[in-house]
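**Q** Can you read through this structure? Questions will come right after.
The values are calculated or read from the model by the stated rules, or taken from the named source; none is laboratory data. In this text the structure is predicted, and so the values were computed from the model without any measurement. Note that we place each Cβ from the backbone using ideal geometry, even for glycine, and neighbour counts take in every protein chain shown. Heads up: the accessible areas ignore ligands, DNA and RNA and are worked out on the full protein's heavy atoms, side chains in. Shrake-Rupley method; radii C 1.70, N 1.55, O 1.52, S 1.80 Å.
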Amino acid sequence: MTGTRRFRSARRIPAALAALVLLGVAGLFLYDLAAVRADRPGMSWRRQLADQLDRHTPADLWVLLGGGALAVVGAVLLLLALTPGLRGILPMRTPDPAVGAAVRAGLGRKDAAQVLRDRALEVSGVRSVRVKVGRSHVGVRATSHFRELDDVRADLDAVLAVGIEELGLAHPLHPRVRVRR
């Protein structure tokens, strides 16, 4: 299913609100600075701020450093607002396409790795297995102790193919199997 999207964390809304508040404060300061420059009276703290801005030009080192720091903070906030934060959850396919986006299910990468590890340990000749699940691949490292490595690898490929299908993920994972003594 191509319509299944990844899960996103709830941090987008607070980050967007913080960015909007900072934008509003910066706009208010800019408006007040323009009002003071246009010979309109401002509040005392705003007049003091305007005097400080009048003494320190944009070419001053501290002004440049402060502006650079604020630009970096703004870029980080925008990055947090736009990027998904729940990369550890793999989306599962919905059994009924009519339900679609109303019901969503996800499986944690560590949980999927544990299920596939238990499956791989059932293969005859496998002594130990390490499984790492990524977004599109499953890395499997197995240690065999009494069977031929090619036979163990073939059995692992078959067992993992069935296990990955039974996980019910929206985007199937591709196994990378390594077997050694």
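**Q** I'm spelling it out carefully: the read-out is mean projected area of the Cα convex hull in nm², the candidates are (i) 20.0; (ii) 9.7; (iii) 17.4, and one was derived from this structure. Which label?
**A** Calculated mean projected area of the Cα convex hull in nm²: the matching label is (iii).
**Q** So what are the ³J(HN,Hα) numbers for the stretch 30-39, from phi and the Karplus equation (6.51, -1.76, 1.60; θ = phi - 60°), rounded to whole Hz, Gly and Pro as x?
**A** Coupling constants for the stretch 30-39: 5, 4, 5, 4, 5, 5, 5, 5, 8, 6 Hz.
**Q** Follow-up. What does the extension gain come out to for Glu122 and His174, with contour length at 0.36 nm per residue minus their alpha carbon separation? List each step's numbers first, then the result.
**A** Working: separation 52, 0.36 × 52 = 18.72 nm, distance 1.98 nm.
Additional length available on full extension: 16.7 nm.
**Q** Hey, can you grab everything whose amide H is under 5 Å from the amide H of Ala170? Only 5+ residues off in sequence or another chain; H modelled, so Pro and N-termini drop out.
**A** Met92, Arg93
**Q** Go through the stretch 168-180 residue by residue and turn each phi into a ³J(HN,Hα) via Karplus (6.51, -1.76, 1.60, θ = phi - 60°); whole Hz please, and just put x for glycine and proline.
**A** Listing the rounded values in order: x, 7, 5, 10, x, 8, 10, x, 10, 9, 10, 10, 9 Hz.
**Q** Another one. Given a 1.4 Å probe and every protein chain left where it sits, what share in percent of the accessible area of the chain is carbon and sulfur? Numbers along the way, then the final one.
**A** On the way: 7770 of 12560 Å².
The computed percentage sits at 62.
**Q** On to the next question. Between Leu23 and Leu86, what's the calculated FRET efficiency when r is the beta-carbon distance and R0 is 45 Å? Round to 0.05. It would help to have the intermediate numbers written out before the result.
**A** Working: r = 27 Å, r/R0 = 0.59.
Between Leu23 and Leu86 the formula returns 0.95.
**Q** Same structure, new question: So with the 1.4 Å probe, I'd like the accessible area per residue for the stretch 55-152, rounded to whole Å². Don't skip to the end; give the middle numbers.
**A** On the way: 6460 Å² over 98 residues.
Roughly 66 Å² per residue, with all protein chains present.
**Q** Here is a follow-up. Which FRET efficiency value, to the nearest 0.05, is calculated for Asp39 and Leu64 with the Förster distance at 30 angstrom and r the Cβ-Cβ distance? Numbers along the way, then the final one.
**A** On the way: r = 28 Å, r/R0 = 0.95.
Once rounded, the FRET efficiency stands at 0.60.
**Q** Report the calculated FRET efficiency for Tyr31 and Arg11 (r = Cβ-Cβ distance, R0 = 25 Å), to the nearest 0.05. Present the calculation step by step, with values, prior to reporting the outcome.
**A** Working: r = 30 Å, r/R0 = 1.20.
So, using R0 = 25 Å, E works out to roughly 0.25.
**Q** So who's got an amide H within less than 5 Å of the one on His56, skipping anything under 5 residues away but keeping other chains? H placed 1.01 Å off N, in plane.
**A** Here the answer is none, since no amide H 5 or more places off falls under 5 Å of that of His56.
**Q** Separate question: 222 nm [θ] for the chain, helices only, -39500 (n - 2.57) per DSSP H run of 4+, per residue, to 500? Write down the numbers at each step before the final one.
**A** On the way: 5 runs with 92 residues, N = 181.
Using -39500 (n - 2.57) per qualifying helix, the result is -17500 deg cm²/dmol.
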